[in-house]
Every structure is written in C-alpha cells, then in structure tokens.
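Structure first, commentary second.
The values are calculated or read from the model by the stated rules, or taken from the named source; none is laboratory data. As the structure is a computational prediction, the values presented were derived from the model and not from experiment. When we count neighbours, we look across all protein chains shown, and the Cβ atoms used for this are built from the backbone with ideal geometry, even at glycine. Just so you know, the surface numbers come from the protein's heavy atoms only, side chains and all, with ligands and any DNA or RNA stripped out. Shrake-Rupley method; radii C 1.70, N 1.55, O 1.52, S 1.80 Å.
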Amino acid sequence: MAAATASRSGLRSALPLLAPAYLWMTVAIFLPLSAMVFFSFMTELPLSGKPWAFTLGNYAAFFSQSLYLTLLLASLRLGLEVTLWCIVIGYPAAYVLAKVLKGRSREAIFLLVILPFWSNGLVRIFSWAMVLREGGILDTALNAVLPFKINIDLMYSYPAVIIGLVHSYVPYMVLTCYLTLQAIDDSLIEAGRSLGASRLQVLKRVIIPLSMPGLVAGAALIFVPVVGSFMEPRILGGRTGTFYGTVIEDQFVAVFNWPLGAALSFILLAVVLVILAVASPVLKRAA
Amino acid sequence: MAGVQVSNVSRSFGAHKALDDVSIDFADGGFYALLGPSGSGKTTLLRQIAGFDFPDSGRIAIGGESVERVPVEKRRIGMVFQNYALFPNMSVADNVAFGLSVRGEAKAVIATEVQRALDLVQLGKLGGRRPHQLSGGQRQRVALARAIVTKPRVLLLDEPLGALDKALRVDMQIELKRIQREIRITTIFVTHDQEEALTMSDRIGILRDGRLVQEGPPEEIYDRPKSEFAATFLGDANIFRGDSTGSGIRLADGTAIAAGAGATLTAGAKASCAVRPERIRIATDVGASESNANMLRGQVSKRIFAGNNSTYFVERAGQTLKVIVQNTGIERLAEGQDVVLCWSPESTVLIAG
Ligand SMILES: Nc1ncnc2c1ncn2[C@@H]1O[C@H](COP(=O)(O)OP(=O)(O)OP(=O)(O)O)[C@@H](O)[C@H]1O
Ligand SMILES: [Mg+2]
C-alpha cells in the first residue's frame, strides 16, 4: 500500500521532468509526421494552389511498378550488409576498448572512434571520394608501394557506398557494444577459463550472449537509417547509387511529388517495423 | 590430484609488493587455509596459482610440473570467486554444466553429474533458476558445485563462506570438509574467519603485506606463534615486552617472566612473551602449588560475561591483560578486586624482536 502510493506520487513528481520531452516530440515529430501521412493520401500538394483530392494512388504506385520493390529490396540488402560490416568492425573494437585497454590509451582510442561523429557528414563523404577515385589517395598510395601497376577506382561503385556508410555508422555499434561489454565483470571471463574453456569458448558462450542487447541496439540504430539513406549512395555511388532512399529524396527535391515521396516513406517505415518486430523475439531468445 | 608448490614467488603492482618472496608447499589432498588482513595478498596468491596473473619471479608447480607456460584452462583447477562470478545468462544447472560442456562430455553424462553436484550442495531442486533469483548463500553453493563438478586437481576458494549466516556457515563448513575428504582434493582456502581456519584446515599460512609470516598446523601456530602479529592475529594473546634473559624476559619494572623449555634467545636483546588468555589462572591470593609459575598482581577493571565463559580485564603497571575463565559457577570476581595471575612457563611463548 505504502509502496504503491509512493510510486504513484513518484510518477506525479516526474511529470514536470517528462513534459518538455513530450512537448518537443509532439511539436517536432508528431505534427510534421501527421502532415506527411495526410499528404500521402493526396493527389496534389495543396500548397501549389492546384485542385486536389484524396487517393490511394500513391500507395498503389508502389505495387504497380516493380522498380520500387526492387529498389526497396536493394536498400534492405544494403542495410543488412552495412550492419554486418559494422558488427564485424565495431564489435572487436568495442571489446578491445572495454576489456583490453586501460587508462590513457583507452581514452585516446575512444576519441578516434567518436571522431566521425563530430565531423560534418558531407565533408566525411567527400573525403572518401578523394580517397577512392582513380588517381586518388588509395590508388596513388598502393601504386607507390606495389611493384606492379594496379588500377583502383572504387568511386561510383557499390563498395564505395558500403565503405562510406560503414564509416558513418560504425561508431553507433562501438558505443552500444562498449557499454554492454563494459558491464560484464572480468571475473566471469576468469571463471569460464578456470572451468576449462578457451578464450574463444568464453567469447561464444559468455561474452557474446551477455553483450547481445548492445549488438541488437547497435544493429537497430544502424539498419533503420541506412535503409533510407540517400546522401552516401548519391555521392559515392553515382549511377550505381540508386536506392529506395534516393528515389524518395528525388520526389521531394527534384520531382516535387511530395505525396508519392511521403507514401514511399511510410511503406518503408512499415516494412522496417515489421522486420524489427519479427527479429526481436528471435534475438531475445538468442540472448 | 596433485600438490602445489609455490617457490619464492614475488608479484608487484607498480611500487607495491603484493607478494614478496612467498614459498609454500601445499600437500596433495590437504586442506590449507590462508589467513591475513585485507590487502595482504591472499587473492593475489590464488590468482598466481590459477594462472590469471603471473609472478614477476619465482616458480609455481602443480603436481610436480612447472605451470609457467600452462594457460588457465589447462591447469585443471577449480575456483570459487570472492564475488561468486556465476554466469547471469545461464540457469543454475547450465552454470554447473559449463565446465563439462566445454569439454564436450555427452549430454546424459552432464545431466547426471550436474544433478549429483547440485545434490551435494543441497540445491538439487533449484537447477532451473537464474543466479539472480538465488540468495547470497545459494549462489556461493552453486559456485562451489560448478567448481568441483569438473573434478579439478586443486580447489581454490576465495572466502567462499563469507556471505553466509552463522548456522549455514557451520553447515557449509562441515559439508565442504566432507566433500573435500570424499574427493581428496588439494584445497586452498582463503578466509577472514580464524575459527574457520583453525577448525577446518590441516595447515594454516598467515600472510601480512605480501609476506608469509608463519605457516604450519593449526595447533603449532596457535601454541607457538613466531611473531607478535601471528600471536594476535590468530586468536587472542597478552603480549609482554622487555629484555631477553635467554629463556624468558625481564619487564621494565624488573619482573621476570619465564618461557617454556627450549626457548632460547641471546640475553639482553629486545624480546616479548605471548600468553593466551585462557592459559592464565586468576585468583584472589597465591596458591600453594604454583612454585615455578609466572605470577603477576593486578586489579580487575572489567568483567564480560559470555555464557560459558567470562573475560576479565586486569590492570597491571599500565597494561591491560585479558583472562578467560570457564564458568564453573564457583568463583566470581568483582570489578575493582585485587587479584593474582598465574600461568606456567610452558604456556608462555618467547618471541624475538
Ligand atoms: N590488479 C591490481 N593492480 C594494482 N594493485 C593490485 C591489483 N591486485 C591487487 N592489488 C593490490 O595488491 C594488494 C593485495 O591484494 P589482494 O587482493 O591479494 O588482497 P587480499 O588479501 O585478497 O585482500 P581481501 O581480504 O580484502 O580480499 C592490495 O594492496 C591490492 O591493492
Ligand atoms: Mg581477496
């Protein structure tokens, strides 16, 4: 009884603290998003002064043209690949940060990992463009070292898009995994070893299961924005860089067909939510 | 099964010497207690034996073979950690099964062995629980079951009974001792509890600031401590300081205290004598048969009644002496009463320094 009262009054006293966040979310996210839902059912933007009517046509367009589905599948694959590379690169980095390095060196490496976060996205992408193109930094450097002549021109290719996206998003994976790995007591690792498990067995049976929440959080934080990404595909992918996200962007900035762009966005949102909903019980069981 | 030989092991963390030239021979199948104040290096010593950490110098052998190049998982040791270190992502049964399962034992074998180990620590019905659903004492027992189920050569226990209440603690002491006898496993047991060390172990080692102060069977350490520290750390002791007379000491006020036969020190050097409180007889006047006994006069300043015994605090020449008397119901001395303390030279230990 007393506990229940206490927790209820706890909620009431927490309200002033929660209010700003909810107010902000209502104004900044909910209202524009509702407007977009509204647009997605219109034939024309009301802003241009043209006559408009309600329609399901924008959603029907997705299903009538196989191009959209193809692009959506390509984007989902891109999201999956980038997420996997982020795990492959980010998890070991997080492990070394959390369990191997101590003190000063940890802080220094941590800074290096966070650095891409602090640099402007466009600057980051264009610096990759300088590295990856023919006669660029990578090409020149490799030819200076290697005895034979090779041509490295990764610019405007699928790998370039992957490299750019992985570079942008890997800090999320490092951070979420670092936090869960940090929380794992070192004595658990020692207990496993004392029971006869090799380092690899301890990793597989103790550390990875215990850091699953970090992996899942990192994967969700990366997968969702990558599937809808357009900047990296456009700049680093060139002609090969047409993805679902770039098509949506086109509707808004080039074709000015906002209703179709909005409808395509919501289809993407629905697909991503379904994927997360299906994946979460599977991942929970694995953890 | 195998004994453990620690020879001249030192380990420093920065400028701090956590272990300083420690040598101990842990006999095969023996039960060895490591005692010492907090920070004296007990855990550090266990970690060297387990292979989690490596000595700066010295040598460690298990079963007669140097383990310098043997990684933890090949040393075949069982360890119970100070904080249990149970795997939170596994059930109790899976925790216990871990060591067998990484070894690739058959499922059926694992199941029976795990059940047997859980029954041994009286947790047979809790196999399905998660560690966070257990009490502190239950967690310690799971940790013990997990450590012994793999049949290790050496069992390392870092204060395994620290979290238990008195009754369960005594139960577990008996249980642990029974298990240890049954599987005849070399056991090294770290504890803060001197009574636990005295009752359970075949031998005791006392550590202080990374050095082995004294080691030997419990009776020997209790009856013949080699230093004031050993005398006061394991059990209670009255310490007298003075100048050596060769087979005893002379206090500052001229009183001579004789030590038992065989005690010899260079006369004139600084020395002290230790006497256990229960070895001293307290009376209101000098008895007849006490001709060769050590004798001091004092005044009772305080008496603490503890059921089966009483502790008297006796003031003498600025020193407070402790005397423990069994409650026979005959004599009770009042506070403020003048008394005579007697004890035999055989009960007196002469300590250099
Ligand atoms: N990894 C380490 N780095 C630095 N100092 C350490 C490290 N491990 C132990 N020490 C130091 O070595 C000394 C011995 O520590 P140890 O853990 O062996 O003590 P202990 O006898 O087990 O104490 P307790 O009874 O409190 O568990 C302590 O002073 C401790 O601070
Ligand atoms: Mg310790």
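Between the beta carbons of A:F148 and A:T240, assuming R0 = 35 Å, the FRET efficiency works out to 0.80 to the nearest 0.05. Expressed as a whole percent, the accessible area of the protein assembly as shown that falls on carbon and sulfur atoms is 61 (1.4 Å probe). The A-B contact accounts for roughly 1700 square angstrom of buried accessible surface, both chains included, probe 1.4 angstrom. In this structure, B:N292 and B:V70 have a Cβ-Cβ separation that, at R0 = 60 Å, corresponds to a calculated FRET efficiency of about 0.55.
Relative intensity of region B:4-223 on a log10 scale, I(q)/I(0) at q = 0.12, 0.13 Å⁻¹, equals -0.63, -0.74, per a Debye sum over C-alpha point scatterers of equal strength in the absence of solvent. From helices alone, chain A scores -24000 deg cm²/dmol at 222 nm; the rule is -39500 (n - 2.57) for each run of n ≥ 4 DSSP H residues, then divide by the residue total. Considering region A:1-138, its Cα convex hull presents a mean projected area of 18.6 nm². Electrostatic bookkeeping for A:N257 treats Lys and Arg as +1 and Asp and Glu as -1; over the other residues with beta carbon under 13 Å from its beta carbon, the sum is -2.
Rounded to the nearest 20 debye, the dipole magnitude of region B:1-159 is 560 debye, with +1 charges on Lys and Arg beta carbons, -1 on Asp and Glu beta carbons, and the Cα centre as origin.
Per residue, the protein assembly as shown exposes an accessible area of 51 Å² to a 1.4 Å probe, with every protein chain left in place. Seen from all directions on average, chain A presents a Cα convex hull projection of 23.9 nm².
Net charge dipole, chain A: roughly 780 debye, given to the nearest 20, about the Cα centre with Cβ charges of +1 for Lys and Arg and -1 for Asp and Glu. Relative to the Cα centre, the charge distribution of chain B, modelled as +1 at Lys and Arg Cβ and -1 at Asp and Glu Cβ, gives a dipole magnitude of about 1000 debye.
Take each of the peptides B:335-346, B:270-281, average the number of other beta-carbon atoms within 10 Å over its residues, and list them starting from the highest.
Ranking, from highest mean packing down: B:270-281, B:335-346.
Evaluated at q = 0.09 Å⁻¹, the base-10 log of the normalised Debye intensity for region A:65-196, with identical point scatterers placed on the Cα atoms, takes the values -0.41. Annotation: extensible slack from A:A19 through A:V278 equals 90.0 nm (criterion: 0.36 nm per residue apart, minus Cα-Cα distance).
Lys-Lys pairs in chain B that are eight or more residues apart or on separate chains and whose Cα atoms lie under 29 Å of each other come to 27. Of the complete DSSP H runs in chain A, those spanning 15 angstrom or more by Cα along the long axis with a mean Kyte-Doolittle score not below 0.0 are A:2-25, A:66-95, A:103-118, A:121-132, A:158-182, A:212-227, A:258-286. For A:L11 and A:I109, a Förster radius of 45 Å and the Cβ-Cβ distance give a FRET efficiency of 0.60, rounded to the nearest 0.05.
Annotation for A:F63 and B:R178: the two label points, set 7 Å from Cα along the Cα-Cβ direction, are 7.2 nm apart.
Each of B:T264, B:S101, B:V339 was placed along the dipole of chain B (beta-carbon charges, centred on the mean Cα), and the one lying farthest toward the positive end is B:S101.
With all pairs of separate Cα atoms included, the protein assembly as shown yields a Kirkwood hydrodynamic radius of 31.7 Å. Note on B:83-90: average number of Cβ atoms from other chains within 10 Å of each residue's Cβ is 6. Inter-chain Cβ neighbour count for A:195-204, averaged per residue, equals 6 (cutoff 10 Å, partner chain atoms only). The mean count of C-beta atoms from other chains within 10 Å of the C-beta of residues in B:148-157, rounded to a whole number, is 1. Accessible surface of A:Y172, taken over heavy atoms with a 1.4 Å probe and every protein chain present, rounds to 80 Å².
Peptides B:137-146, A:156-165, B:21-30, A:94-103 ranked from most to least packed give B:137-146, A:156-165, B:21-30, A:94-103, packing being the mean of other C-beta atoms within 10 angstrom over each peptide's residues. Between the helical axis of B:107-120 and the longest alpha-carbon principal axis of chain B there is an angle of about 20 degrees.
Note on region B:240-352: Cα-Cα pairs beyond 22 Å make up 33% of the total pair count. Each Lys or Arg adds one and each Asp or Glu subtracts one; over the other residues with Cβ under 13 Å from the Cβ of B:R184, this totals +2. Taking the longest Cα principal axis of chain B as reference, the axis of helix B:166-183 is set at about 60 degrees. Each of A:T140, A:V202, A:S64 was scored by the projection of its Cα onto the charge dipole of chain A, and the greatest displacement toward the positive side belongs to A:V202; charges sit on the C-beta of Lys, Arg, Asp and Glu.
Seen against the Cα atoms of chain B and their longest principal axis, helix B:136-148 is set at about 70 degrees.
Within the listed set A:A14, A:A197, A:A141, the Gaussian network model of chain A (springs between alpha-carbon atoms below 10 Å) gives the highest mean-square fluctuation for A:A14.
Helix content alone sets the calculated 222 nm mean residue ellipticity of chain B: runs of n ≥ 4 DSSP H residues at -39500 (n - 2.57) each, divided across all residues, give -7000 deg cm²/dmol. Charge tally for B:L156 (other residues, Cβ to Cβ under 14 Å; Lys, Arg +1; Asp, Glu -1): +3.
Length, then width, then depth: along the principal axes, the Cα atoms of region B:85-192 run 38, 31, 20 Å.
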